[in-house]
Amino acid sequence: MTDVVFTFSVEMFEDAVNREFCRPPDQTLLALARDERVGRLLVADSWRSYLASAARRRPIRLTEPLTVAGRDAVRVRPHRVRTVEATELATVERSYRAYGALLGRALARARGERRPRPESAALVTYHPFVAAFCDAPWIGPIVYFGQDDWATGEGVRPWWDLYREAYQRIDERKAAIFAVSDELAARISPRVTVVPNGVDPDVWRPRHPAPARIAALPGPRAIYTGTVDDRLERRLVEATAAAVGSVIMMGHPGDPDTIRWLRSLDNVHVFGSVGQAELAATVRACDVGLIPHRDQAGIRAMSPLKLYEYLAAGLPVVSVDTPPVHGVDDDRVVIVPRDDWAAGLAMAIALGRATEERRLRFLEEVSWQRRMRPVVDAATVSPLRN
């Protein structure tokens with residue numbers, strides 16, 4: 001059995017719980033927890049602030065017990081003074097060497113050892129700095145999963161050069177590297193295995209009745225799910241609103257200006273995040289799924305989770321032309337140039353709902369269980385030192 005230390009990117013375990021384990025890191029953690037080849041499982045937060053934890057009266061201790069998918073695990077809470085990353089390479093290297101040392105201390109404590117044995121646990125992470133700069137002796141196999149392109153993200157522009165350096169270091173360390181799209185893979189390493197997003201069939205298989213607040217809206221209904229922010233191309237949303245009965249925007253309100261603009265449109269209805277069952281019921285109650293994204297480098301590297309959710313519910317989809325949208329379901333996804341959006345929307349609506357046989361087959365093809373199998377294999381197949 002392989003002991004595994006797992007880290008999110010900048011998130012915590014509570015984030016996965018709150019969103020009901022619907023994203024790739026959440027599903028990687030569940031797959032590790034459910035695999036009999038995994039021995040001890042440690043789940044580490046990203047760096048936390050001493051000051052913030054003290055202000056919230058949260059106990060500052062390195063480890064605490066945790067339950068993941070019905071199994072016992074260990075929660076690791078590394079702390080430092082500031083959570084904002086430095087922009088100097090040497091400082092970031094020192095910070096993540098310290099992070100690796102703290103993870104090793106937690107691993108030794110879980111085993112009842114004074115110090116962890118060399119190369120005795122796998123490190124599975126979604127954070128490029130963890131994969132690149134944690135070089136503690138206890139680390140055996142390293143698995144890095146790229147969910148986004150950190151080196152082009154608009155919110156992390158001061159660190160772009162550091163993330164490019166991290167990609168190079170990850171490749172040099174011969175880590176097993178996974179990414180959600182071919183586009184992102186090409187930016188990280190030629191050795192990347194592509195693992196696109198997926199869905200949980202148990203959530204999307206049932207034929208949920210339409211929520212009352214959605215059923216009351218006039219059709220045809222077009223839906224957009226996910227973070228509602230400035231990634232939306234406004235003219236495409238406005239063109240959609242002019243062509244359908246209702247536009248439903250459902251997800252985390254990531255940008256106040258975008259929310260105000262959406263609420264100014266008469267037949268656009270903005271709803272916050274909901275649980276997975278209600279999300280599935282809402283999507284199924286609509287007639288077409290929307291991906292009206294702007295053309296940005298970070299967006300072109302994404303694997304849109306919403307695409308898989310729309311198709312899991314049986315909806316046709318209209319999308320702008322981005323690389324990760326191609327090849328998912330070329331019969332049910334209408335990919336159009338931005339100037340032809342209205343025609344593409346009409347074409348997608350005319351496709352109608354998928355047959356139940358096709359919908360259920362798609363669910364099994366893109367199930368998270370199938371998606372995460374090679375990731376867990378990469379963490380557990382290499383022999384570790386006893």
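Would you calculate a helix-derived [θ] at 222 nm for the chain, using -39,500 (n - 2.57) for each DSSP H run of n ≥ 4 and dividing by the full residue count, to the nearest 500?
On the way: 17 runs with 153 residues, N = 386.
Helices in the chain give a 222 nm mean residue ellipticity of -11000 deg cm²/dmol.
Going from the fewest other Cβ atoms within 10 Å to the most, the residues Met302, Met250 appear in the order Met250, Met302. Counting only Cα atoms, segment 201-365 measures 39, 35, 27 Å along its principal axes, largest extent leading. When peptides 344-352, 87-95 are sorted by average Cβ neighbour count within 10 Å, with the highest value leading, the order is 344-352, 87-95. Toward the positive end of the charge dipole of segment 201-365, with +1 on the Cβ of Lys and Arg and -1 on the Cβ of Asp and Glu, the farthest Cα among Val237, Gly352, Thr282 is that of Thr282. Maximal additional length on extending the Glu278-Asp135 stretch stands at 47.2 nm, based on 0.36 nm per residue less the C-alpha distance.
How high is the relative contact order of segment 201-365, in percent, counting Cα pairs under 8 Å that sit 6 or more residues apart?
Details: 294 pairs, mean separation 38.9, N = 165.
Worked out over segment 201-365, it gives 24 percent.
Label positions at Ala52 and Thr193, each projected 7 Å from the Cα along the C-beta direction, are separated by 3.3 nm.
Nothing charged except the Cβ atoms of Lys and Arg (+1) and of Asp and Glu (-1): what's the magnitude of the dipole of segment 201-365 about its Cα centre? Round to the nearest 20 debye. Intermediate values should be presented prior to the final figure.
Working: 19 positive and 22 negative charges, 76 e Å.
In debye, rounded to 20, segment 201-365 gives about 360.
Between Ala212 and His326, the modelled label-to-label distance comes to 4.7 nm, taking each label 7 Å out from Cα in the direction of the beta carbon. Take 62-69, 34-41 and order them by the average number of nearby Cβ atoms within 10 Å per residue, most first; the result is 34-41, 62-69.
Based on the Kirkwood approach, the hydrodynamic radius assigned to segment 30-92 is 13.6 Å, with every pair of different Cα atoms included. Once both labels are positioned 7 Å from their Cα atoms along Cα-to-Cβ, the gap between Arg115 and Ala98 label points is 2.0 nm.
Take every DSSP beta bridge with both residues inside segment 201-365 and express the antiparallel ones as a percent of the total, to the nearest 5.
Once the DSSP bridges in segment 201-365 are tallied, antiparallel ones form about 5 percent.
If I take every Cα pair under 8 Å that is 6 or more residues apart in the chain, average their sequence separation and divide by the length, what percent do I get for the relative contact order? Don't skip to the answer; put the middle values down first.
Values: 754 pairs, mean separation 61.0, N = 386.
Once normalised by length, the contact order is 16 percent.
No lab work stands behind these numbers, since they all come straight from the coordinates. Please read these numbers as outputs of a predicted model, since none were measured by experiment. All Cβ positions, glycine included, derive from the backbone under ideal geometry; neighbour counts span all protein chains shown.
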